[in-house]
Each structure stands twice: as C-alpha cells, then as structure tokens.
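Asks: Starting off with a structure, shown below.
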Amino acid sequence: MNPKVVILMLAQACYWFAVLVGISLSTVIGLQLAPIESLATLPYALISVGALGATYLLSILMQRSGRRLGFQVGALAGAVAAGLAMLALSMQSFLLFCAASVLMGIYQASSVYYRLAALDEMPPQQSGVAIAWVLSGSLLAAIFGPSLAQFANQWVTEPKYLGAYALVAMFSLLAFMLISGLSTKSKLSTPVANQIPQASFLKFPIYWLGVGNTAFGQGVMMLMMLVAPLAMHQHHYSVESGMSVIGWHLVGMFLPSFISGKLVDKLGVYSVLLAGLGVFAFSAVTSLLGTSELHYYISLFLLGMGWNLMYVAGTNQYNQAYPAIEKGRAQGLAELIIALAAIIGVVGGGVLIQGFNWQQLNTGLLVVLALMGGVNVWMQTKQAR
C-alpha cells in the first residue's frame with residue numbers, strides 16, 4: 001500500500017476519535033453548560049455549521065497551496081478546539097464551548113478531503129481501493145475510541161470530561177504530525193499553463209449524479225442515525241441500548257471499506273451504487289418487520305453498510321467527471337453539497353420524528369430509495385447508448 005495512503009488512513013482514525021467524543025459528549029456537556037435546556041444541542045449543531053463554512057474555502061486553499069497545508073490547518077483547528085473545550089469545562093462557559101464546536105467543524109471539513117487526497121496517490125484503476133483504505137481508518141476509532149475516552153476521563157475527575165478532550169487534542173496533534181509526512185505540493189495544486197478554469201464540470205450530468213448519490217447517502221444515513229435513538233426511547237429502550245446500537249452502526253459504516261473499494265474497481269460505480277441502495281432498503285425492511293432491540297441492531301448495521309457503498313461509489317463517480325485544472329472547485333462544491341445534505345438530514349430527522357413513527361419513516365424511505373434507484377438505472381442506460 002502507498003505510504004501516503006497509510007498516512008491518510010491514520011489521520012482519518014485520529015479525526016474520527018474526535019468525532020466519537022463529540023457525538024458522545026457535546027450534547028451532555030451542552031445540557032450541563034447551556035443557560036436554558038433548549039440550547040443543549042446547539043454545540044453539536046455548530047460543528048456542522050463550522051464544517052459548512054470551511055469546506056469550500058479549504059478546497060480552494062488546497063488548490064493553491066497543496067493538500068498538506070489544508071490538512072494541517074484542519075488538524076490545528078481540532079487541537080485548538082479541544083483546548084477551548086477544556087477551558088470551557090474549567091470555566092463552565094457555554095459560549096467558549098460553542099466556539100470550540102465551530103473550530104471542530106473546521107477539522108471536520110478538512111477531514112472529508114483525506115479520501116480525495118488518496119485518489120491523487122493511486123492509479124485510476126485503484127481509485128475505489130484508495131478511498132476505501134482511508135475510510136477504514138475510521139474503524140480503528142470506532143473500535144478503540146470509546147475505551148480510550150473512558151480511560152482518559154479517569155486522568156482528571158474534575159471537571160468531568162476534561163480528560164476526553166485532552167485526548168482529542170493529543171490525537172489532533174498526532175494527525176498534524178502524520179500529515180507533515182505528505183509532500184508540500186500535491187497534484188491538486190499543480191498549475192496548468194495558459195488555462196483558466198471555467199467551471200466546465202458544472203455541465204457534466206455525471207458530476208451532478210455522483211454528487212447527488214454521495215449527498216443522498218449522507219443525508220439518509222444522518223437522518224436515520226439521529227432518529228433511531230429517539231425511536232428506541234419511544235419504544236422504552238435505555239440510553240445505553242441506544243448508544244450500543246449506534247456503536248454497531250459505526251462498525252457497519254466502516255467495516256465494508258475493506259471490500260467496497262475493490263467492488264467499485266471491479267464492478268463499476270453503478271453496480272455498487274445500486275447495491276448500496278439495496279442495502280438501505282434491507283435496513284428499512286428490517287425496521288418494518290419489528291421493533292425489538294435485535295431489529296434495531298440489524299437495521300442500523302445495514303444502514304451503515306449502505307452508506308459506505310454509496311459514499312465510496314458516489315465519490316468515485318463525481319471524481320471522474322472534471323478536468324484536473326478544476327479539481328479544487330469541483331471537489332469543494334461537491335463536499336459543500338454533501339455537508340449541506342448532512343445538516344438537512346440532522347434537522348430533518350428531528351422534525352420528522354415529531355410527526356411520524358419509526359415504521360412510517362422507513363416506509364417513506366423505501367419510496368425515496370426506489371426513485372433514486374430509478375434515476376441511476378436511467379442514467380446508466382443513457383450512458384451505455
């Protein structure tokens with residue numbers, strides 16, 4: 001395996017450890033620090049806001065100055081965010097904790113380009129494998145992250161959770177050092193003489209289809225992942241059961257990375273995209289068959305698998321649809337749309353669960369999946385002509 005891809009995989013693991021801490025603790029700490037209870041989820045929402053604001057700007061920075069600088073900015077933002085969170089806990093400051101969340105969003109924005117940087121280091125026929133190897137680093141964080149966070153919290157007992165954010169700072173700095181092993185410049189920033197980008201990629205239907213597939217998978221995954229613990233609460237399951245189901249979901253998200261990239265390279269993006277939609281459908285059907293704890297485990301695991309297949313294949317699809325000179329803007333716009341889809345999923349999940357139950361949401365999901373499958377089959381047929 002290319003050493004630079006290994007570096008990106010390890011940097012992905014460092015980032016996802018920070019994500020796990022954020023998912024597990026930000027709402028709990030928000031509830032502890034917020035002046036009113038309704039603001040408890042604001043810090044977690046601000047992570048997505050920070051990511052949305054930084055995604056396109058980081059892509060342009062990497063276009064001009066190389067991948068390494070953009071990744072280092074993100075990792076440093078993560079370290080500073082962790083430091084601010086520790087200060088917020090010490091001072092019991094909700095405002096500081098919100099500022100830390102925005103900075104963590106910058107780290108999140110930079111991390112989405114790890115998988116795209118791997119494409120620069122591998123030949124086109126191995127693009128799926130390159131993306132999947134980077135995503136597999138997240139599995140390390142999913143397996144070892146919770147235990148490490150629990151251990152870190154024993155370092156400092158007061159204020160509570162200070163140790164976990166100290167470990168986030170350490171992992172962010174480790175990511176910074178790993179990224180320093182990448183070259184100063186990358187193919188992204190290679191100039192092309194006498195060429196001025198004219199955003200020609202906007203005219204390619206395959207670009208929009210790839211972005212749409214990736215964003216669709218991201219939005220569906222975020223919506224159903226957010227709703228699942230709430231639905232479990234409505235069915236009188238414990239918070240611990242909900243956390244366990246989400247942990248299994250994270251394994252489902254990243255375990256397929258060991259084969260999904262190879263499937264893309266061997267079978268093509270359309271086959272893997274349709275497989276991803278099919279796995280999403282199996283997830284929904286499982287939920288319709290019952291609401292036992294086992295049904296939730298299987299459904300959320302399949303939800304993660306479907307996301308992985310669509311994320312790897314969709315990323316590969318849109319990255320085949322633009323000239324090299326337009327890479328910075330094309331990737332920046334794509335990742336901005338994907339980040340926006342994630343926010344819509346988060347907000348939409350919170351709204352929909354107020355008016356629909358778990359089974360109704362999964363029934364609606366099956367309808368949307370059928371429509372998305374039809375679009376992909378139609379485009380595949382059109383492209384084959």
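Asks: Of all residues in the range 310-343, count the ones that are of a type outside the set (Asp, Glu) and within 13 Å of the chain's Cα centre (by Cα).
Replies: 12
Asks: Additional query: Of the residues that make up the range 13-23, is at least one of a type in the set (A, V, I, L, M), open to solvent by 60 Å² or more (accessible area, probe 1.4 Å) and modelled with pLDDT of 90 or more?
Replies: Scanning the range 13-23, I find no residue that is of a type in the set (A, V, I, L, M), open to solvent by 60 Å² or more (accessible area, probe 1.4 Å) and modelled with pLDDT of 90 or more, so the answer is no.
Asks: Can I ask one more? Take LEU69 and tell me if it is within 29 Å of GLN331 (Cβ to Cβ) and within 19 Å of the chain's Cα centre (by Cα).
Replies: The answer is no for LEU69.
Asks: Here's a follow-up. Between a first residue in the range 169-197 that is under 15 Å from ALA118 (Cα atoms) and a second residue that is at pLDDT 80 or above and exposed (fewer than 15 other Cβ atoms within 10 Å of the Cβ), which pairs have beta carbons less than 9 Å apart while being 6 or more apart in sequence or on different chains?
Replies: GLY181/PRO3; SER189/ARG64
Asks: Examine the range 110-133 for a residue that is open to solvent by 20 Å² or more (accessible area, probe 1.4 Å) and of a type in the set (D, E, K, R), and state whether such a residue exists.
Replies: Yes: the range 110-133 contains one or more residues that are open to solvent by 20 Å² or more (accessible area, probe 1.4 Å) and of a type in the set (D, E, K, R).
Asks: Return the total of residues in the range 43-100 being outside any helix (DSSP H, G or I) and either over 30 Å from GLU121 (Cα atoms) or aromatic (Phe, Trp, Tyr) (or both).
Replies: Summing the residues that are outside any helix (DSSP H, G or I) and either over 30 Å from GLU121 (Cα atoms) or aromatic (Phe, Trp, Tyr) (or both) in the range 43-100 gives 2.
Asks: So for the range 19-42 (the condition being assigned to a helix (DSSP H, G or I) and closer than 22 Å to GLY332 by Cβ), does at least one residue qualify?
Replies: There is at least one residue in the range 19-42 that is assigned to a helix (DSSP H, G or I) and closer than 22 Å to GLY332 by Cβ.
Asks: Pull up the range 39-76, narrow it to residues that are at pLDDT below 90 and touching a Phe, Trp or Tyr at 6+ places or on another chain (Cβ under 8 Å), then point me to the one that is most open to solvent (accessible area, probe 1.4 Å).
Replies: LEU39
The values are calculated or read from the model by the stated rules, or taken from the named source; none is laboratory data. Everything numeric here is computed off the predicted structure, so don't read it as measured data. With ideal geometry, Cβ positions are generated from the backbone for all residues, glycine too; neighbour counts draw on all protein chains shown. Side chains included, ligands, DNA and RNA excluded: accessible areas come from the protein's heavy atoms. Shrake-Rupley method; radii C 1.70, N 1.55, O 1.52, S 1.80 Å.
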